[in-house]
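The values are calculated or read from the model by the stated rules, or taken from the named source; none is laboratory data. Quantities reported herein were computed from a predicted structural model and do not represent experimental measurements. A quick note on method: Cβ atoms are made from the backbone with ideal geometry, for glycine too, and the neighbour counts reach across all protein chains shown. Calculation scope for accessible area: heavy atoms of the full protein, side chains included, ligands and nucleic acids excluded. Shrake-Rupley method; radii C 1.70, N 1.55, O 1.52, S 1.80 Å.
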Amino acid sequence: FFFFYFYNHLINMKQFKQSLLAGLVVLAFAGNVVAQPATTAKTFRMYNDATHSVSITAGTTLGTGTFTWPQPSAGIFKSDATGLMSLGAIGLGTGDVTGILNVTNGGTGNTVVGPAGTVAYSDGTKINYQPAAGTLGQLLVSGAAGAPTWTSTFPSAINVPFNQISTGTNTTATMTVGAGASIVPGGGTVTANQFVGTGSTSNAVDLATAEVNGTLSVTNGGTGSTAVGAAGTVAYSNGTQYSFTAAGTTGQVLTSNAAGTPTWTTILTAKAAGRVPGDGTNFSYTVTPGGGYTASSVVVISVESPVSQTYTITSKTATTFTVQLSNVIGASEFIGYVVY
């Protein structure tokens, strides 16, 4: 009997100690402090029962005190201003959050957002905002390590390939092709309604200025020549381009030289002319022309006969010459002569 009484007494003392320890833990939570007795530390488990109230059960293992909360959903253990303990998610729009989430933890490092239309950029330490929103259609241009800025001017450092320029009509700007640059056709067509070059006097091609260079060939309606003949010369074709004769003297006539260069020839002045009638008998007729005829004069003969005739001039003297015919000519036929 005494043994059973003593055993029950020990058991009751153990339960009393456990209840007392649990009460200390509950009191500690009510004051927002989790306390661990120095010499009676146990392992405690905290959980929600069916009525969602917090219970604490002391374990049987001595050692460092730990608390576990086998909650099925994610959350943190937190307390409100009244000391009420709860388990749940962090309320980002509530007093659960304070301070600034820095960049190293995935934040912006900033507590403000830029005005509407501004652009976020890094200033090297945090996310910042471009000072002012641009106007409609502007471009954002890098400021190197500084803040980017809006601009309506295309940056000079940007090169746009010519084949990426779209078709359009420009009515305000002027494009100047500076020294070292050029616009050249590459199989396409380059057109213009004005031509302005060195020495221009109009918007057309000015032929009397340095706007014109080279020689217009015959195939393009030119002369193919870069010089004009001397005064009094005559233009003629040499077969490839225009060329010029030498200058003649007064009274000369231009005489063809077949495919060669035409030449100037002095015109002979007739000294005498006349007709000698045939007699129907003779082949030879002696003519005395007069009019300054000499033995060196040039005589031109024409035979007026229906019969084909050949002739020779023989026996030229200071006053006469003889015409020898190949056939007899009748009385109504004539020998005409001109003396030069």
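Quick notes on this one:
- Here the extension length gained between Ala145 and Gln194 equals 12.9 nm, from 0.36 nm per residue of separation less the Cα-Cα distance.
- Per-selection Kirkwood Rh - the stretch 195-287 (Cα, Å, 1 d.p.): 18.5
- Taking every alpha-carbon pair under 8 Å whose residues sit at least 6 apart, the stretch 273-340 reaches a relative contact order of 52 percent.
- The stretch 227-339 - percent of accessible surface contributed by carbon and sulfur, probe 1.4 Å: 58
- Two-site FRET efficiency, Ala208 against Met175, from Cβ-Cβ distance with R₀ of 30 Å, rounded to 0.05: 0.55
- Seen from Gly197, the other residues with C-beta closer than 10 Å to its C-beta sum to a net charge of -2, counting Lys and Arg as +1 and Asp and Glu as -1.
- Solvent-accessible area per residue in the stretch 284-337 equals 50 Å², computed with a 1.4 angstrom probe and all protein chains kept.
- The stretch 134-160 versus the stretch 261-278: alpha-carbon centroid distance in Å: 94
- Extent along the principal axes, Cα only, for the stretch 159-227: 48, 28, 24 Å, with the longest axis given first.
- Proximal charge balance of Ser302 [Cβ under 14 Å; K/R count +1, D/E count -1]: -1
- Pairwise FRET efficiency - Val298 versus Thr223, Cβ, R0 = 45 Å, nearest 0.05: 0.70
- Between amide H atoms placed 1.01 Å from N, distances below 5 Å from Ala273 occur with Val339, all of them 5 or more places distant or on a separate chain.
- Accessible area expressed per residue, the stretch 150-243, with surrounding protein chains retained (probe 1.4 Å, Å²): 84
- Heavy-atom accessible surface of Ile100, to the nearest 10 Å², is about 100 Å², with a 1.4 Å probe and all protein chains retained.
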